[in-house]
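To keep things clear, I will list the structure first and then write my remarks on it.
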Amino acid sequence: MSKLEWRGAEVLARVRRETANAINDVTEDAAREARVAHWWKHRTFNLMRQTINEPAKRRGPLIIGRFGATYYGGQKGKRSGFYGYFLELREPWLRPAADATFPTLRERIRRRLQ
């Protein structure tokens, strides 16, 4: 007689945790790529400092991570995109960084779950 110990909740928790970690790795790499591979010359380095990734968060069944140009000014905790998005419209610099790094997400999740 065999006995099966169901550990589905533990498995699901690990998959969610490792998926969030892999998303964080990818968005961190995308932000790093965007900071160094752009078309303008730095004067103040503000935009370089404002190109960030945010930790992945669960929203219902989804795990969402973000990266981009932002700064925290004015009211505490309030974000503003400021001029980074104007530069993105002129000649993209965030999108190429995403295109270079986002396709690696599936493989990163797979490696973390081995």
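Any read-out appearing in this document is the output of simple, stated calculations on the displayed coordinates, not a laboratory observation. None of the values given here were measured: they were computed from a predicted structure. Backbone-built Cβ (ideal geometry, glycine too); neighbour counts: all protein chains shown.
Helix screen, the chain: DSSP H segments with Cα axial length of 30 Å or more and mean Kyte-Doolittle hydropathy at least -1.0 are 8-36. Here the residues 101, 51, ranked from fewest to most Cβ neighbours within 10 Å of their Cβ, fall in the order 101, 51. Using C-alpha pairs below 8 Å separated by at least 6 residues, the relative contact order for the chain is 32 percent.
Tell me what the chain gives for mean residue ellipticity at 222 nm when only DSSP H runs of n ≥ 4 count, each as -39,500 (n - 2.57), the sum divided by the residue total, rounded to 500 deg cm²/dmol.
-15500 deg cm²/dmol
Expressed as a whole percent, the proportion of Cα-Cα pairs in segment 8-112 lying more than 23 Å apart is 34%. Within segment 1-28, which residues have the backbone N less than 15 Å from the label spot 7 Å out from residue 112 along Cα→beta-carbon, could you tell me? What the label zone holds, given the 15 Å backbone N cut-off, is 11-28.
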